[in-house]
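Report on one structure; see the data block that follows.
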Amino acid sequence: MPPRWNENWLTAKLGIDYPIIQGPLGGLSSQRLTAAVSNFGGLGSFGAHGLTPEAIEDVIAQIRALTSKPFAMNLWVSMADEGARLSDENAFNRSFAPLAAHIAALGAPRPEDEPYSRMRFEDQARVLLDENVPVFSFIYGIPPREILDECRTKHTVTIGTATTPEESAALQDAGVDAIVASGFETGGHRGSFLRVAEDSLTGTFSLVPQITDTVNLPVIAAGGIADARGVVAALVLGAEAVQMGTVFLACEESGASPLHRQVLRGKKAGHTALTKGFTGRLARGIHNRLLEELNREGTAILPYPLQRRLVRNLAIPAEAAGRSDLLPLRAGQSANLSTCTHVWAS
């Protein structure tokens, strides 16, 4: 009997029933959503790149309390832009200027420039290894060989992210188990590591066959996939699974704010654009006043993660005031196809 549509080498390797992987969602992850997706036979993921090792350990324990199924923890290999260490008060003031009037109008205090505090990828990865997580996924590069070697020893499945065929070849040479082909339609950060993100903008359904022709590893299609039509198309093009983020971001179980979820379900969600303004690294968001102002020519943007920290000083009071026009609303190009309201964890 031939295998069913949802059965292949990757689903067997991951121990899941369906070739559906929830995008890690970065700072919008939640333990509840991760566990819910896993409980229903997909692979739930949690984006932990902004957390301390101690916090990551707590998150893993909380997920395991909610599910006995496999799940993925996601990290960024590149934790900061080079300029973050050299950024000074003058740079902070230039980047603060476009936000100053909005922050003042919302009655929030003026943020102060704080020195960059380094967080080490190796320290975060150590927690994943010590906790024997089932799946370790990552973007923005390739972990050191000793980390990947220990993953193999511990039978931890490794999933790297490629935005170009060249990146997929590098990941295969490093010995990862599977590769996410991340098209520029995705709402997540671009994750490019061989060329700058702006020079690595290939659509999902162009990128997937190029990567499947380049590597001999399972490929996971990501970017602009929001319903069964996208899943079928990705599988036809040679992917063994799909990774979807925005479609889950709209669910009550996600870590997105109620206002963010409300906008995702509205008619304006389909108008998106790429920007560095939210965090300092290229990502996609719903077009609104904040995105338009931060994308204006000549606007100064701090390196990652300093820009991300700066924008939070506006996002927090804007959320409290119900001002979705001043929120960094991350979303992929198919956001207007999102209809999910609940995953309903078992």
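The values are calculated or read from the model by the stated rules, or taken from the named source; none is laboratory data. This structure is a prediction, so every number in the text was calculated from the model and none was measured. Ideal geometry is used to build each Cβ from the backbone, glycine not excepted, and the neighbour counts take in all protein chains shown. Ligands, DNA and RNA are stripped out before the accessible areas are found, and what is left, the full protein with its side chains, is counted by its heavy atoms. Shrake-Rupley method; radii C 1.70, N 1.55, O 1.52, S 1.80 Å.
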Ranked by accessible surface with a 1.4 Å probe, highest first, in what order do Asp58, Asp173 come? Asp173, Asp58
Excluding ligands, DNA and RNA, what is the solvent-accessible area per residue of the chain at a probe of 1.4 Å, expressed in Å²? 43
Using label points projected 7 Å from each Cα along Cα→Cβ, tell me how many nm separate Val232 and Arg265, to one decimal. 2.7
Pull out a ≥ b ≥ c, the square roots of the eigenvalues of the alpha-carbon gyration tensor of region 118-162, then state rounded if a/c is under 1.5, prolate if not and a/b is larger than b/c, and oblate in the remaining case. oblate
Coil-residue chymotrypsin sites (Phe, Trp or Tyr not before Pro) of region 1-55, DSSP, other Cβ within 10 Å capped at 15: Trp5
With +1 on each Lys and Arg Cβ and -1 on each Asp and Glu Cβ, and nothing else charged, work out how big the dipole of the chain is about its Cα centre, in Debye to the nearest 20. 880
Quick one: go through region 44-76 and flag any residue whose amide nitrogen is under 12 Å from the point 7 Å out along the Cα-to-Cβ line of Asp130. 53-58
In the chain the DSSP beta bridges are antiparallel at a rate, in percent to nearest 5, of 15
Heavy-atom accessible surface of the chain: percent carbon and sulfur, 1.4 Å: 51
Let me have the 222 nm mean residue ellipticity of the chain computed from DSSP H runs of 4+ only, each contributing -39500 (n - 2.57), with the sum over all residues rounded to the nearest 500. -10500 deg cm²/dmol
Identify, among Leu66, Leu28, Leu14, the residue whose Cα sits farthest towards the positive end of the charge dipole of region 2-75, taking +1 on the Cβ of Lys and Arg and -1 on the Cβ of Asp and Glu, with the dipole about the Cα centre. Leu14
Relative contact order computed over the chain (Cα-Cα under 8 Å; 6+ residues apart), in percent: 19
Neighbour count of at most 11 Cβ within 10 Å plus DSSP loop: longest GluC sites (Glu not before Pro)-free window in the chain: 113-296
Cut-off 14 Å between beta-carbons: net charge of the residues surrounding Arg118, Lys and Arg +1, Asp and Glu -1: -2
Let me make sure I get this right: for region 63-117, a, b and c are the square roots of the gyration tensor eigenvalues over alpha carbons, sorted descending. Under 1.5 in a/c it's rounded, otherwise prolate if a/b > b/c, else oblate. Which is it? oblate
Can you list residues from other chains, or at least 5 along the same chain, whose modelled amide H is less than 5 Å from the amide H of Ser45? Gln22, Ala72
By how many nm would the segment from Glu114 to Arg312 grow when fully extended, if each residue of separation counts as 0.36 nm and the alpha-carbon distance is taken off? 69.9 nm
Can you run phi through the Karplus equation (6.51, -1.76, 1.60; θ = phi - 60°) for region 237-243 and list ³J(HN,Hα) in whole Hz, with x for Gly and Pro? 7, x, 6, 9, 6, 10, 10
Using a 10 Å Cβ count of at most 16 others and DSSP loop calls, identify the longest part of the chain lacking such trypsin sites (Lys or Arg not before Pro). 5-117
Tally Lys/Arg at +1 and Asp/Glu at -1 over every other residue whose Cβ is under 15 Å from the Cβ of Glu292; what's the total? +3
Cα-based Lys pair tally, the chain, threshold under 29 Å, eight or more apart or on separate chains: 5
Show the residues, 5+ positions off or on another chain, whose built amide H is closer than 5 Å to the amide H of Arg265. none
